[in-house]
Amino acid sequence: MPTPARNNHASNMQIQEPRIRSPLPPSPIAFKEQQGRPPATTQQTITGKLFRNLFKGLLFSQLTLISLLVIVLTIRGLILASSHHFHPKKWYPPLLASVAVSGVSSLALQCIFIYTPSRAVRATFWLSPILTCSVGILLVLIGSAVDAGIGAVFVLFAITQSLYGCWITPRLEYTDKILSLSTSFPPAKTREVVTLSIVISVVYSGFLVTGIGGATSTRTSLDLLFISLILISLAWTMQVLKNVQQVAISRARYVNFAYGEEMDAWSALHVTVKHLIGSICIGSTLVPIIVLIRGMIRSVNLMSGSSDEVMYSGADCFSTLANKIVVCGNRWGFVHVGTYDKGFVEASSDTWKKFRSVNDLEKVIDSDLTSSLCFLSAVSVGAVSSLTAGIWMLLIHKEYALEVTLYAFIIGYYMGRVGLAWLQACVLSYYVAYSEDPQSMRFDGTVPQRIQRLQMLRAHRENREHEVGRERQDTDESL
């Protein structure tokens with residue numbers, strides 16, 4: 001990947017020539033085949049291997065079965081298309097074109113983040129709502145009540161993004177700094193790994209589109225089940241592909257942050273694909289579920305105020321649950337999966353315990369905007385893809401405009417996540433390496449300053465709440 005000009009935030013780091021050597025675990029750069037694994041009990045090793053092999057077999061089994069299903073549906077659709085209102089020459093080109101647009105947009109997006117990360121961060125938070133709202137307006141223009149209802153959901157989602165962008169504005173400066181620090185020197189051959197991942201995503205998505213079209217040509221209730229299965233397969237496979245790239249690049253980046261050694265992303269990818277697919281499949285299943293649960297818990301906590309004792313105690317219970325489940329599975333665990341060949345649950349637990357061992361680092365990690373940034377960037381790619389397919393279908397084949405627009409959005413979203421997996425991997429490895437040796441001279445004062453800032457804000461908020469409580473008490477006594 002081309003090396004961008006050194007920015008001001010990254011200039012204080014000395015990655016290549018560390019001045020101190022901290023007592024860390026043995027360097028994982030020696031782990032090429034089966035070396036460097038952390039000690040584990042025999043029972044844990046057997047259980048871990050069982051689940052790894054189970055999920056690895058599940059991945060390849062579903063790929064085989066879905067491929068056979070897609071081939072059968074495609075052939076059947078082409079044979080029966082002449083006897084139905086389905087027109088392959090009108091249905092396929094817009095959706096296949098949107099797949100290509102998603103790939104190009106993902107490549108362009110990563111280039112923007114490499115050369116102008118600060119502008120890219122700010123542009124994402126205002127561009128994503130605009131594009132999402134445009135998709136909603138397009139769906140409303142299709143004309144039916146169902147289309148208008150789904151379009152209204154997109155418009156509401158765009159408004160929510162805008163409000164969120166206003167809410168997190170004070171945190172953008174820190175996000176800009178941490179992105180600049182972690183991505184200023186990407187591992188060698190990162191560009192090749194990212195490009196390969198996007199090409200695989202485009203080819204696989206295009207292949208599944210042919211199966212969706214074949215099922216759409218007959219539109220029976222069984223075909224709706226087939227389409228659902230294909231979309232579920234797409235979602236999980238793209239998650240695995242994203243996390244394969246994330247594990248490989250975070251491995252190479254962690255070696256540089258923690259030990260000052262160099263590892264190219266291509267070598268890390270080779271080790272990842274050969275040995276770590278099972279753990280990645282487990283993580284690809286657990287992380288989305290846990291993120292969804294934690295998101296729901298956070299929403300409940302925001303809606304519940306401290307004025308109602310029952311609601312407050314319930315919110316406190318939910319917060320305890322959220323703090324417990326995050327230890328079982330989190331995206332930071334992928335760093336130790338790639339670096340030390342740990343099982344995903346063990347890796348997640350170890351990394352989160354390290355975060356908690358550093359004063360207030362957990363709060364910094366928990367409020368990090370990188371995941372939101374990648375999510376909204378992927379939404380932008382999905383919106384561009386859906387606009388491409390939706391406008392085209394609206395002009396030539398309006399009957400299928402809604403479903404094609406939604407298919408394009410889903411495909412574009414996952415393509416965007418794959419395209420920016422390298423960026424998230426760099427940030428994850430930075431935090432994990434910092435948590436293991438906060439005093440290392442390879443890290444500047446960005447994270448400590450952020451911790452200090454959060455402590456000041458918390459102290460100010462607690463003082464304010466204390467004053468408000470005392471004022472209420474005085475008022476009640478006067479009455």
Using a simple spin-label model with points 7 Å from Cα along the Cα→Cβ vector, what separation in nm is obtained for residue 449 and residue 367?
1.6 nm
Heavy-atom accessible area of residue 112, protein chains in place, probe 1.4 angstrom, given in Å² to nearest 10, is 80 Å²
Just to confirm a number: summing +1 for Lys and Arg and -1 for Asp and Glu over residues other than residue 142 whose beta-carbon lies under 14 angstrom from that of residue 142, what do you get?
-2
At 1.4 Å probe size, what's the solvent-accessible area of residue 441? Round to the nearest 10 Å².
70 Å²
Quick check: pseudo-label points 7 Å beyond the Cα along Cα→Cβ at residue 399 and residue 78, how many nm apart are they?
2.2 nm
Per its Cα gyration tensor (rounded if a/c is under 1.5, else prolate when a/b beats b/c, else oblate), the stretch 354-400 is best filed as prolate
Accessible heavy-atom area order of 95, 224, highest first, probe of 1.4 Å
224, 95
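Return the equivalent ellipsoid semi-axes of the stretch 339-479 as a descending list in whole Å, where each equals the square root of 5 times an eigenvalue of the C-alpha gyration tensor.
Semi-axes, largest first: 42, 29, 13 Å.
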What is the Å³ per residue value for the convex hull set by the Cα atoms of the stretch 96-145?
72 Å³
Net lengthening on full extension, residue 49/residue 321 (0.36 nm per residue, minus Cα-Cα):
95.1 nm
For residue 66 the rounded accessible area (nearest 10 Å², probe 1.4 Å, non-protein molecules ignored) is 20 Å²
Hand me the tally of lysine pairs in the stretch 328-479: alpha carbons under 26 angstrom apart, and the pair either on different chains or 8 or more positions apart.
5
Any idea what Rg and Dmax come out to for the stretch 84-187 if you just take the C-alpha atoms, in Å?
18.1, 57
Taking R0 as 45 Å and r as the Cβ-Cβ distance between residue 111 and residue 463, the FRET efficiency 1/(1 + (r/R0)^6), rounded to the nearest 0.05, comes to 0.45
Three principal axis extents, largest first, for the C-alpha atoms of the stretch 168-253, in Å?
53, 34, 16
What do you reckon, how do 111, 281 stack up by accessible area (1.4 Å probe), largest on top?
111, 281
Students sometimes get this wrong: rank 85, 270, 275 by accessible area, probe 1.4 Å, all chains present, largest first.
85, 270, 275
Tell me, what is the Rg over Rh of the stretch 187-237, with Rh the Kirkwood radius over Cα pairs?
1.20
Rg and Dmax [Cα atoms of the stretch 157-306; Å; Rg one decimal, Dmax integer]:
20.0, 59
Tally Lys/Arg at +1 and Asp/Glu at -1 over every other residue whose Cβ is under 13 Å from the Cβ of residue 113; what's the total?
+2
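The values are calculated or read from the model by the stated rules, or taken from the named source; none is laboratory data. These numbers come from a predicted model, not from an experiment. A quick note on method: Cβ atoms are made from the backbone with ideal geometry, for glycine too, and the neighbour counts reach across all protein chains shown. For accessibility, only protein heavy atoms count, side chains too; no ligands or nucleic acids. Shrake-Rupley method; radii C 1.70, N 1.55, O 1.52, S 1.80 Å.
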